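Colleague: Mind having a look at this structure? Questions to follow.
The values are calculated or read from the model by the stated rules, or taken from the named source; none is laboratory data. These figures come from a predicted structure and were not determined experimentally. Cβ sites come from the backbone with ideal geometry, for glycine too, and all protein chains shown count toward neighbours. We work out accessible area using only protein heavy atoms, side chains counted, and drop any ligands, DNA or RNA first. Shrake-Rupley method; radii C 1.70, N 1.55, O 1.52, S 1.80 Å.
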Amino acid sequence: MIGRFAMAFLLSTSTLLAQSNPNPAQQERPSEKPKPAVPGSPVAPPPKVAEEPAKPAPAKEAPLSELPYTPSLDLSALDRSVDPCTDFYTYTCGGWMAKNPIPPDQASWDIYGKLAQENQQFLWGILEDAARPAADRIPTQQKVGDYFAACMDVAEIEKLGAAPLRPLLAEIAALKSSRDLAAFLAQEHLRVYGSGFLFGFGSQQDFGDATQVIASAGAGGLGLPDRDYYTKTDAKSKEIRSKYLDHVARMMELIGESKTEASRDARAVMKIETALAEASLTRVERRDPYKLFHKMTPAQLKALSPSFDWTRYLAGGDLGSIGTLNVSEPAFFKKMDSEIRLIELPRWKTYLRWHAVHSRAPYLASAFVTEDFNFFRKTLRGVAEQPPRWKTCVRLVDRDLGEALGQEFVRRTFTPETKQKTVEMTQRVERAMENEVKTLGWMTDATKARAIEKLHAIANKVGYPDRWRDYSSIEIQRNDFYGDVTRATVFESRRQLLKIGKPVDRGEWGMTPPTVNAYYDPQLNDINFPAGVLQPPLYDPKMDDAPNYGNTGSTIGHELTHAFDDEGRKFDAKGDLKDWWTPEDAKSFEERVNCVRDQYAQYTIVDDIKINSKLTSGEDVADLGGTLLAYIAWKDAVSGADLEKRDGFSPDQRFFIGFAQWACQNQRPENLRANAITNPHSPDKYRVNGIVSNLPEFAKAFECKETQPMVRAKPCRVW
Ligand SMILES: [Zn+2]
């Protein structure tokens, strides 16, 4: 889940990587699916963290006019001093890790992140061109160009200081009673991404009828990235809470409060947020869609939280006529109601002031940007330096006008040949899965038939959407960055709310084309591979099939198996939440998933923190199944061909090296710790070693002995 909470998707969509916060200052990854529902984030990492460079590298970043080439099988990334049967991850990635220290503005650094940065530099060049006020700019170029120019105009932004925030603070100051919260939030939820203001409200596909969009209300109200930050009692968590209090206080000082007021206000904020956190489901609980599905009438919602004026709230969002909505966490709204009764108006105003400045900090003068960075990136993630301004601005254009910018990206980078080849690869992996399902020993024929029906119904989306989003109604002004962000956000919020009561648009994408990531959406039942993830060193048109199937083929298989993981399997071919498994098959499936859970629960993330494998098992099982399916599909693609050794490696060895080299990564320990809470993916080391050690095909390829670490005595297998 990421993002645009106002338009919440109540179920996290399964991505290949992490997901992030829409605030670029807090973003874990440049790429994320702008759909979800809860404050969230994630990613993962290896043991041998390369040394930081003694000095930051000189500023060598410049706009790119073409994307650099790195092969998808990189011999220089290997560390041949390591036995592949002892630690395959370090064998394949050790060289890369030594050569690629974490840049000072990153929480982690990996193949995906590096490619994402190259894409950003390429987009930077496009945006600099578009920002020149030439008469022949087409309307989309004017919008992305002027938005970028406004964002880059730091002199103007600095001059304004906190001024753009004043009207919002005045609105909050003018509230006369707790009942007024509703009218205020109806407007504020349109103007802001995320669910930070008390709760999230938006639209979602109906879990019960995947053809329809309904309104949805979800838990929220937090400033920290997860409810666990408020509830954990270990020393590190207490330390983080204490630093969060300091951060909130400093932000309040930046909007003019005295030290004493600010520190009192920070405690008031913590009290409210803690109460909301305690009433929120955990990430593991949220993996069960049935726990998030409570369709109600507005009258039932009013009965659940009578102290909140839902009539005014819904009218404020032009939603007065909705007949039904999904309340994902009823217990949360009950708790919210009691908080509204208990807490006095001045404390609510404090809480709203904090979220006002917190949500807008990235768009204000440097004092706000820096304070926000210092807590959310430096303290929580270990990042040493702020990103250069161009990077922040490219990310924001991608977030707010992503399909306008994406058209330019696709036109320049994504050839029809690559599209055709990757579509073919996708179909081949799907055929491999169909054959596998047919021969599975543990699944009955009845369930197999339904599984194959679902598999056939999966839509393959490759590269970019068939129809581009129309941004023509957003007004973008070259000299009004704060206003541009607000208008773009309101546009997106309204776009989401306008879907309510209408049939689902199955052509929509949840990631922009330059994004280096991929996802499966259980309700649309589609797999999505943006153009950004289908380029070297991931998909490499210059390479042969072995590394390409190992790398991109495994990604395709990964997304495909999400349709059948602990979350995805609860949805049928149409995307309805419906149990199509026989009880015995469901039991057999869970037993096999438990094998993977037990395996990953043994792995250490950092210090004494182990993987929470109840959170990660969906991704771990997708990694395992996806790699095996890619291997089978590759064998099918090259059947009859006489493949030779290359660079001393057999074709099978090259498949597995190609597979592992998507994951080369260095991570900061702070980031590992944060990911342990928020990321449904295991650290990349285990996303490689945990997989190959389950595959006899790997052991055979590298002639590993049964007693070696990369050969598990009792391998897990699901698909
Ligand atoms: Zn995934």
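Colleague: Going toward the positive end of the dipole of the chain, with +1 on Lys and Arg Cβ and -1 on Asp and Glu Cβ, which of Ser328, Ala451, Leu629 do you reach last?
Modeller: Positive-most Cα among the choices belongs to Ser328.
Colleague: At 0.36 nm per residue, and after removing the present C-alpha to C-alpha distance, how many nm does the segment from Ile138 to Glu703 gain when stretched out fully?
Modeller: Roughly 197.5 nm would be gained on extension.
Colleague: Hey, how many Å between the Cα centroid of region 259-334 and the Cα centroid of region 571-618?
Modeller: Value for the Cα centre distance between the two parts: 29 Å.
Colleague: Fully extended, how many nm does the chain gain between Thr582 and Glu156 (0.36 nm per residue separation, minus their Cα-Cα distance)?
Modeller: Gain in length upon complete extension: 147.0 nm.
Colleague: How far is it, in nm, from the label point at Lys574 to the one at Tyr482 when both lie 7 Å from their Cα along the line to the Cβ?
Modeller: 4.9
Colleague: Over the chain, with the other protein chains present, what is the accessible area per residue in square angstrom, probe 1.4 angstrom?
Modeller: 36
Colleague: With a cut-off of 8 Å between alpha carbons and a minimum separation of six or more residues, what is the relative contact order of the chain in percent?
Modeller: 23
Colleague: Could you pull out the pairs from Lys635/Lys700; Lys295/Lys454; Lys243/Lys271; Lys448/Lys570 whose alpha carbons sit more than 20 Å apart here?
Modeller: Over 20 Å apart, Cα to Cα: Lys295/Lys454.
Colleague: Let's test the formula: R0 of 30 Å, r as the Cβ-Cβ distance of Glu591 and Val423. What FRET efficiency results, to the nearest 0.05?
Modeller: For Glu591 and Val423, the calculated efficiency is 0.25.
Colleague: Please name which of Leu695, Gly557, Leu276 has its Cα lying farthest along the dipole of the chain towards the positive end, using unit charges on Cβ (Lys, Arg +1; Asp, Glu -1) and the Cα centre as origin.
Modeller: Leu276
Colleague: Once fully extended, how much extra length lies between Ala459 and Arg241, figured as 0.36 nm per residue of separation less the alpha-carbon to alpha-carbon distance?
Modeller: Going from the current span to full extension adds 74.1 nm.
Colleague: If the only charges are +1 at each Lys and Arg Cβ and -1 at each Asp and Glu Cβ, what is the size of the charge dipole of region 573-719 around the Cα centre, to the nearest 20 debye?
Modeller: 180
Colleague: Would you work out if region 470-545 is rounded, prolate or oblate? Take a ≥ b ≥ c from the square roots of the eigenvalues of the alpha-carbon gyration tensor; rounded if a/c is under 1.5, else prolate when a/b is larger than b/c, oblate otherwise.
Modeller: oblate
Colleague: Follow-up question, since we're still on this one. Which percent, to the nearest 5, of DSSP beta bridges fully inside the chain are antiparallel?
Modeller: The answer is about 75 percent antiparallel.
Colleague: Given a 1.4 Å probe and every protein chain left where it sits, what share in percent of the accessible area of the chain is carbon and sulfur?
Modeller: Here carbon and sulfur together make up 53 percent of the probe-accessible area.
Colleague: Among all stretches of the chain without exposed GluC sites (Glu not before Pro) (DSSP loop, at most 13 other Cβ atoms within 10 Å), which one is longest?
Modeller: Between the exposed loop sites, the longest stretch runs 67-343.
Colleague: Roughly how many nanometres apart are two label points built 7 Å out from the Cα toward the Cβ at Arg467 and Ala315?
Modeller: 3.4
Colleague: Charges only on Cβ, +1 for Lys and Arg, -1 for Asp and Glu: so what's the dipole of the chain about the Cα centre, in debye to the nearest 20?
Modeller: Once rounded to the nearest 20, the dipole reads 1400 debye.
Colleague: Place +1 on the Cβ of every Lys and Arg and -1 on the Cβ of every Asp and Glu in region 131-195, take the dipole about the Cα centre, and give the residue among Ala162, Val192, Ala131 whose Cα lies farthest towards its positive end.
Modeller: With unit charges placed on the Cβ atoms, the residue in question is Val192.
Colleague: Under unit Cβ charges (Lys, Arg +1; Asp, Glu -1), what dipole magnitude, rounded to 20 debye, does region 273-409 have relative to its Cα centre?
Modeller: Dipole magnitude for region 273-409 comes out near 240 debye.
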